[in-house]
Amino acid sequence: MSEPRRLTRDLTEPPPVPEAGIARAVELMRSGRLFRYGELGADQADAALLEREFAALVGRRHCIAVNSGGGALFLALKVLDVCPDEPVLVNAFTLAPVPGAIVHTGARPVIVAIGPDYKIDVADLRRKARDSGARVLMLSHMRGHLADMDAVMAACDDLGLLLVEDCAHALGARWGEQTIGTFGVAAAFSAQTYKHLNAGEGGFLVVDDPDLAARAILHSGSYMLHQQHLDPPSPEIMAHWTERTPNFSLRMTALAAAVLRPQLHDLPERVERWNTIYRRIAAGLARAQAVRLPLRPPQEHFTATSIQFSLPGLSPQEIMAVLDLARARGLPIKWFGAAEQAGFTSAPRHWRYAPGQSGLDDSHRILGTLCDIRTPVSLTDEECDLIADIVRESLEAVACGSTAAERHDTAPVRSGSRHQHPGGT
């Protein structure tokens with residue numbers, strides 16, 4: 001009997017830096033001028049040019065390049081005058097830097113429930129906004145799953161909520177015809193290695209309001225060199241805020257900007273391939289009776305860098321057995337239902353720095369069966385098919401080894417059939 005096929009690819013493999021970025025980075029390293037500002041005028045304009053180009057890409061008036069996506073989220077809350085112990089709403093399916101940014105400001109995360117398709121529960125949003133008195137919603141487009149933005153914006157309008165979008169996993173995505181990152185008063189993006197753009201670490205805050213932009217530039221650490229930004233707010237606005245705004249030293253380096261600029265050109269091609277990979281793996285997973293894929297409505301034009309699915313009919317022990325079998329065949333699968341947080345993966349029950357949460361039982365049941373596979377843009381069609389095969393065959397092996405007495409349904413409350421169309425852009 002032949003051995004089962006193994007996946008021999010490293011799913012953490014990032015896209016390579018384009019040659020133009022490498023060449024410019026080497027030029028900068030030889031000069032030693034890695035700081036974005038210069039006392040005698042800008043030593044070079046890599047960061048300022050990147051800000052202009054990124055703002056145009058997203059469709060916002062101002063972009064401030066910073067050291068990380070989490071730094072951009074923190075900056076968004078600071079320019080909105082979020083105060084210590086102020087409640088800030090955030091959806092339950094996200095990564096730790098998002099509630100972490102709230103705590104970084106001294107504010108208090110209020111976790112909002114999610115539905116079976118991993119997106120924010122708008123009814124719970126309305127309820128917790130009223131109960132908490134929050135005025136800010138930090139909406140995480142986690143893993144590129146886009147909430148019903150029509151319903152979210154209606155709730156924000158009704159309740160007077162300021163929306164900050166966490167777009168770390170949603171660069172280039174759209175809801176209907178509107179670009180993600182343009183719905184709120186501010187939006188944050190990431191250039192960490194496993195995102196759409198790769199500088200190792202980096203982030204962007206985008207806004208339209210010139211006063212918010214001025215404060216973000218100063219908070220980010222421009223000193224009095226803010227005119228070296230190519231598209232700063234007016235001198236009058238900058239002067240108004242200069243002595244009122246502390247420097248938090250959140251700048252992006254010139255080196256990171258040089259590496260990132262050529263990647264903007266490659267982004268559409270990368271996104272097309274990432275979405276092709278998503279659809280191919282999703283089609284293979286949909287053949288498994290135990291797998292539930294999230295419903296992706298036609299308005300959701302996502303940009304996938306990973307794929308998520310649920311195993312709602314399996315116990316935690318059975319899910320662990322499936323993951324062990326897949327890992328033995330070279331396929332690492334993250335699981336949001338693990339008792340302990342691991343790697344980058346955690347759930348609200350692990351965030352003890354955000355106590356006093358309520359109404360999250362269904363959310364934890366949903367997260368308890370949620371599995372997550374990274375999908376590098378370099379995956380071949382054959383490797384996509386093998387990933388789906390390994391998941392299906394691992395599920396079949398566990399099912400064959402289980403007795404009826406051993407099985408119990410831990411399924412979350414969910415809508416629709418178990419087999420949902422994987423959607424697309």
Residues that are part of a helix (DSSP H, G or I) and of a type in the set (A, V, I, L, M), drawn from the stretch 136-178: Met142, Met149, Ala151, Val152, Met153, Ala154, Ala155, Leu159
query: Would you pick out the residues in the stretch 136-166 that are touching a residue at least 60 places away in the same chain (Cβ under 8 Å) and closer than 21 Å to Val66 by Cα?
result: Met138, Val164, Asp166
field: Matching residues in the stretch 218-250 - criterion: being hydrophobic (A, V, I, L, M, F, W, C), closer than 24 Å to Leu57 by Cα, modelled with pLDDT of 95 or more and surrounded by fewer than 23 Cβ atoms within 10 Å (Cβ to Cβ)
entry: Leu250
message: So in the stretch 334-360, with the set limited to residues that are farther than 22 Å from Val88 by Cβ and aliphatic (A, V, I, L, M), which one is surrounded by the fewest Cβ atoms within 10 Å (Cβ to Cβ)?
response: Ala339
Filtered residue count, the stretch 1-22, keeping only those that are farther than 17 Å from Arg270 by Cβ and acidic (Asp, Glu): 2
query: Which of the residues that make up the stretch 180-197 are over 21 Å from Val79 (Cβ atoms) and either assigned to a helix (DSSP H, G or I) or touching a helix residue (DSSP H, G or I) at 6+ places or on another chain (Cβ under 8 Å) (or both)?
result: Gln192, Lys195, His196, Leu197
message: Scan the stretch 271-284 and tell me whether some residue there is open to solvent by less than 70 Å² (accessible area, probe 1.4 Å), touching a helix residue (DSSP H, G or I) at 6+ places or on another chain (Cβ under 9 Å) and either modelled with pLDDT under 95 or in a loop (DSSP other than H, G, I, E, B) (or both).
response: no
- request: Determine whether the stretch 266-280 contains at least one residue that is acidic (Asp, Glu), under 30 Å from Asp148 (Cβ atoms) and free of Cβ contacts under 8 Å to residues at least 24 places away in the same chain.
  value: yes
- prompt: Does Arg215 satisfy the criteria of being at pLDDT 95 or above, basic (Lys, Arg) and open to solvent by 30 Å² or more (accessible area, probe 1.4 Å)?
  reply: no
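Yes/no per residue for (1) in a loop (DSSP other than H, G, I, E, B); (2) in contact with a Phe, Trp or Tyr (Cβ under 6 Å, 6 or more places away or on another chain); (3) modelled with pLDDT of 95 or more:
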position	(1), (2), (3)
Glu383	no, no, yes
Ile387	no, no, yes
Arg392	no, no, yes
Glu396	no, no, yes
Cys400	no, no, no
Glu406	yes, no, no
Asp409	yes, no, no
Pro412	yes, no, no
message: Against the conditions (1) of a type in the set (A, V, I, L, M); (2) in contact (Cβ under 8 Å) with a residue 40 or more places away in the chain; (3) more than 18 Å from Thr253 (Cα to Cα), where does Ala188 fall short? Just the number, please.
response: (3)
- prompt: Quick check: is even one residue across the stretch 343-359 on the phi > 0 side of the Ramachandran plot, modelled with pLDDT of 85 or more and within 22 Å of the chain's Cα centre (by Cα)?
  reply: yes
- request: Being open to solvent by less than 30 Å² (accessible area, probe 1.4 Å) and either farther than 19 Å from Thr305 by Cβ or touching a Pro at 6+ places or on another chain (Cβ under 8 Å) (or both) is the filter here, so list the residues in the stretch 361-372 that pass it.
  value: Ser363, Ile366, Leu367, Gly368, Thr369
task: Please go through the stretch 307-328 and pick out each residue that is surrounded by fewer than 18 Cβ atoms within 10 Å (Cβ to Cβ) and under 17 Å from Ile387 (Cβ atoms).
output: Asp324, Arg327, Ala328
query: Within the stretch 373-393, how many residues turn out to be farther than 24 Å from Ser346 by Cα, open to solvent by less than 10 Å² (accessible area, probe 1.4 Å) and not aliphatic (A, V, I, L, M)?
result: 1
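The values are calculated or read from the model by the stated rules, or taken from the named source; none is laboratory data. Worth saying up front: this structure is predicted, and the values here are computed from it rather than measured. Using ideal geometry, Cβ is built from the backbone for each residue, glycine included, and neighbour counts are taken over all protein chains shown. These area figures cover heavy atoms from the full protein model, side chains too; ligands, DNA and RNA do not enter into them. Shrake-Rupley method; radii C 1.70, N 1.55, O 1.52, S 1.80 Å.
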